[in-house]
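Worksheet for the structure shown next.
The values are calculated or read from the model by the stated rules, or taken from the named source; none is laboratory data. If you're wondering where the values come from, they're calculated on a predicted model, not measured in any experiment. Because the Cβ atoms are built from the backbone with ideal geometry, glycine has one as well, and the counts that use them run over all protein chains shown.
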Ligand SMILES: Nc1nc2c(ncn2[C@@H]2O[C@H](COP(=O)(O)OP(=O)(O)OP(=O)(O)O)[C@@H](O)[C@H]2O)c(=O)[nH]1
Ligand SMILES: [Mg+2]
């Protein structure tokens with residue numbers, strides 16, 4: 001078993017008062033491969049020395065956040081609109097305010113209209129009388145939009161590895177999400193292998209490897225510029241040979257051009273299907289701060305790969321949480337996970353009622 005042509009120095013900085021610590025991994029270069037001490041980290045097909053960043057910083061925390069506390073920007077957008085319309089009778093300004101709020105939250109004009117039109121009609125015919133009744137009816141309408149999706153992550157293959165592939169444009173949080181999922185799955189006793197299918201960027205595999213080491217996951221990588229599909233294939237075969245239950249496959253978010261990326265992802269999927277595992281999730285990672293652009297991305301990726309669910313990251317920094325509704329209603333793809341920060345615990349299962357409560361209470 002060979003390691004990459006690098007040596008690691010790990011410095012952990014803790015800040016006990018805040019519960020936050022920073023792990024800094026410094027890398028010094030050496031010419032020769034060396035034996036790896038850890039049995040869970042494996043390096044395959046290390047054909048050429050890889051330029052690595054001098055420092056990879058991965059933040060750490062221990063307490064899982066709630067949507068209510070972290071999605072503050074979307075929450076306060078709704079709160080201030082509701083406060084303003086509660087203070088007066090229902091008039092044109094009420095509808096303007098509600099529509100503007102839904103649009104600022106990036107719910108999209110189509111769905112905003114579908115939500116508000118019946119409320120307008122109900123006010124006209126007298127079945128809704130007060131701003132509070134309008135707000136309650138809006139809440140019911142938005143809840144109904146998220147009612148039916150199956151949000152479970154499938155881990156049901158027995159006797160061969162479950163394979164979850166992660167796709168999405170660059171910078172949305174694919175690699176970080178894999179790290180968070182590996183940490184959570186390992187805590188539940190699931191054995192995990194990460195396959196570094198992003199061979200486009202030199203630092204990508206290094207970043208994933210840090211998460212593998214921290215979560216105790218096995219790790220498979222290829223040469224920079226190598227074939228991503230074969231890295232994923234090797235990862236699945238390696239997991240099958242070792243009886244590892246879950247393979248998390250990272251992919252590149254950017255190539256020379258977009259059609260290359262989509263073709264590559266199709267190939268990754270085809271090849272993964274040939275390996276001795278079951279691809280039971282293809283998770284599209286979307287950055288909530290991009291709002292409606294995320295919807296456009298979702299359309300493209302869904303056309304190229306069989307996306308089974310969405311991971312909506314960076315909801316902690318976004319007022320555009322309404323994109324959840326747009327994605328589910330326009331594309332029919334369930335939002336399964338939500339990212340609420342950069343640390344290992346900042347990923348939670350998407351719970352529509354908790355999310356809606358955060359917006360309305
Ligand atoms: N605030 C916040 N930051 C996040 C979240 N998820 C990821 N990030 C940050 O977003 C940045 C990009 O994350 P990566 O995981 O490297 O994104 P990627 O999709 O793998 O990017 P490429 O490899 O370039 O395609 C990092 O700084 C992460 O720490 C989240 O839920 N909230
Ligand atoms: Mg990445």
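List of remarks:
- Identification of helices (runs of 4 or more DSSP H) wholly contained in the stretch 252-361 with 1 or more residues that are within 23 Å of residue 208 (Cβ to Cβ) yields 258-274, 292-304.
- Tally of residues being in a helix (DSSP H, G or I) and farther than 13 Å from residue 176 by Cα across the stretch 210-220: 1
- Of 344, 275, all but one fail to be at negative phi, more than 11 Å from the chain's Cα centre (by Cα), in contact (Cβ under 8 Å) with a residue 40 or more places away in the chain and within 16 Å of ligand 2 (Cβ to nearest atom); the exception is 344.
- Under the condition of being touching a residue at least 24 places away in the same chain (Cβ under 8 Å), assigned to a helix (DSSP H, G or I) and surrounded by 19 or more Cβ atoms within 10 Å (Cβ to Cβ), the residues counted in the stretch 95-116 number 5.
- Test: residue in the stretch 264-271 that is touching a residue at least 40 places away in the same chain (Cβ under 8 Å), within 18 Å of the chain's Cα centre (by Cα) and surrounded by fewer than 22 Cβ atoms within 10 Å (Cβ to Cβ): no
- Verdict on residue 171 being within 16 Å of ligand 2 (Cβ to nearest atom), surrounded by fewer than 16 Cβ atoms within 10 Å (Cβ to Cβ) and either at pLDDT 95 or above or within 22 Å of residue 296 (Cβ to Cβ) (or both): yes
- Any hit, the stretch 245-258, residues being over 17 Å from the mean Cα position of the chain (by Cα), under 22 Å from residue 72 (Cβ atoms) and in contact (Cβ under 8 Å) with a residue 40 or more places away in the chain: no
- Candidates 185, 207, 237 - the one that is assigned to a helix (DSSP H, G or I), surrounded by fewer than 24 Cβ atoms within 10 Å (Cβ to Cβ) and within 11 Å of ligand 1 (Cβ to nearest atom): 207
- Restricting the stretch 284-300 to residues that are buried (at least 23 other Cβ atoms within 10 Å of the Cβ) and more than 14 Å from residue 106 (Cβ to Cβ), the residue that is nearest to ligand 2 (Cβ to nearest atom) is 285.
- Pairs with Cβ under 7 Å, 6+ apart, first in the stretch 168-186 and without any contact (Cβ under 8 Å) to a residue 60 or more places away in the chain, second part of a loop (DSSP other than H, G, I, E, B) and more than 9 Å from ligand 2 (Cβ to nearest atom): 186/216; 186/217
Condition check ((1) within 16 Å of ligand 1 (Cβ to nearest atom); (2) farther than 30 Å from residue 90 by Cα; (3) within 30 Å of the chain's Cα centre (by Cα)) across all residues:
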site	(1), (2), (3)
119	no, no, no
128	no, no, no
136	no, no, no
141	no, no, yes
146	no, no, yes
159	no, yes, yes
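- Cβ pairs under 6 Å, 6+ apart, first in the stretch 202-217 and touching a residue at least 60 places away in the same chain (Cβ under 8 Å) and over 17 Å from residue 252 (Cα atoms), second more than 11 Å from ligand 1 (Cβ to nearest atom) and in a helix (DSSP H, G or I): 215/182; 215/183; 215/186; 216/186; 217/182
- Residue match in the stretch 320-328 (condition: more than 9 Å from ligand 1 (Cβ to nearest atom) and either under 17 Å from residue 174 (Cα atoms) or surrounded by fewer than 21 Cβ atoms within 10 Å (Cβ to Cβ) (or both)): no
- The set of residues in the stretch 117-131 being loosely packed, with under 11 Cβ neighbours inside 10 Å and assigned to a loop (DSSP other than H, G, I, E, B) consists of 125, 126.
- Taken over the stretch 210-224, the residue count meeting the criterion of being within 20 Å of the chain's Cα centre (by Cα), surrounded by fewer than 24 Cβ atoms within 10 Å (Cβ to Cβ) and within 14 Å of ligand 2 (Cβ to nearest atom) is 1.
- Residue that is within 16 Å of ligand 2 (Cβ to nearest atom), part of a loop (DSSP other than H, G, I, E, B) and on the phi < 0 side of the Ramachandran plot, where the choices are 190, 199, 176, 148: 199
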